[in-house]
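Report on the following structure.
The values are calculated or read from the model by the stated rules, or taken from the named source; none is laboratory data. Everything quoted here is computed from the prediction, not taken from an experiment. Cβ sites come from the backbone with ideal geometry, for glycine too, and all protein chains shown count toward neighbours.
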Amino acid sequence: MAPRLHTVPTRLATGAYILHEGLGKLRATSERAAGLHRSAASAYPFLADLPPERFTRALAIGEITVGSTLLLPFVPARLAGAALTLFSGGLVTMYLRTPAMHEAGSVWPTPAGIAVSKDVWMLAIGASLLLEG
């Protein structure tokens, strides 16, 4: 049940990137955890009551899970695509809900939003993997 050859490059690149980010967040400083939490809570107010360190650890575990799902060759494309689509959909939604990240009345990023706006590519890759099945 190996992945189809044409899905390997996107799964490897995206999975390795997300896994790396998740592993890095496991070692996040208090300041970084507070910044990540602040950004997420501004778009998703229900996260405001969660302590920043706990939020960052949960985010790290989620990223490690999604990255690993993409990298493991026995995980079907649809399952890997579903995981990536849910994860990146949350990031794109955060981008759209945060006015400072995009120009007023537009989806085009401001300088502050460039780092998150690229997550639309992960959403497209996830959708592509979902359609693969």
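Which ones in the range 1-49 are in a loop (DSSP other than H, G, I, E, B) and either free of Cβ contacts under 8 Å to residues at least 40 places away in the same chain or not basic (Lys, Arg) (or both)? Break it down stepwise before answering.
So the first thing to find is which residues in the range 1-49 are in a loop (DSSP other than H, G, I, E, B), and the list is 1-4, 27-29, 44, 48-49.
Listed by number, the residues that qualify are 1, 2, 3, 27, 28, 29, 44, 48, 49.
Every residue, every condition in (1) aliphatic (A, V, I, L, M); (2) under 19 Å from residue 127 (Cα atoms); (3) within 18 Å of the chain's Cα centre (by Cα), yes or no:
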{"site": "31", "(1), (2), (3)": "no, no, no"}
{"site": "44", "(1), (2), (3)": "no, no, yes"}
{"site": "96", "(1), (2), (3)": "yes, yes, yes"}
{"site": "104", "(1), (2), (3)": "yes, no, no"}
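Just one of the listed residues (52, 73, 9) is out of contact with any Asp or Glu (no Cβ under 9 Å at 6 or more places or on another chain) and either closer than 17 Å to residue 131 by Cα or among the acidic types (Asp, Glu) (or both), and it is 9. For the range 50-59, a residue qualifies if it is part of a helix (DSSP H, G or I) and either of a type outside the set (Val, Ile, Thr) or touching a His at 6+ places or on another chain (Cβ under 6 Å) (or both), and the qualifying residues are 52, 53, 54, 55, 57, 58, 59. Taking the conditions (1) within 22 Å of residue 124 (Cβ to Cβ); (2) surrounded by fewer than 18 Cβ atoms within 10 Å (Cβ to Cβ) in turn, residue 83 satisfies each one other than (2). Only one of the listed residues (124, 115) is of a type outside the set (Asp, Glu), in a helix (DSSP H, G or I) and either out of contact with any strand residue (DSSP E or B) (no Cβ under 9 Å at 6 or more places or on another chain) or surrounded by fewer than 11 Cβ atoms within 10 Å (Cβ to Cβ) (or both). That residue is 124.
Is it the case that residue 100 is of a type in the set (A, V, I, L, M, F, W, C), in a helix (DSSP H, G or I), exposed (fewer than 15 other Cβ atoms within 10 Å of the Cβ) and modelled with pLDDT of 95 or more? Judged against the criteria, residue 100 is not a match. Determine, yes or no, whether residue 60 is among the small types (Gly, Ala, Ser) and over 14 Å from the mean Cα position of the chain (by Cα). Criteria not met by residue 60.
Being more than 29 Å from residue 11 (Cβ to Cβ) and either touching a Leu at 6+ places or on another chain (Cβ under 7 Å) or not aliphatic (A, V, I, L, M) (or both) is true for just one of 52, 109, 76. Which residue is that?
Numbers: 109 fails: more than 29 Å from residue 11 (Cβ to Cβ); 76 fails: more than 29 Å from residue 11 (Cβ to Cβ).
After applying the criteria, what remains is 52.
Within the range 105-118, residues that are closer than 10 Å to residue 95 by Cα and among the polar types (S, T, N, Q) have Cβ atoms under 9 Å from residues that are at pLDDT 90 or above and surrounded by fewer than 15 Cβ atoms within 10 Å (Cβ to Cβ) in these pairs: 117/107; 117/108, counting only partners at least 6 apart in sequence or on another chain.
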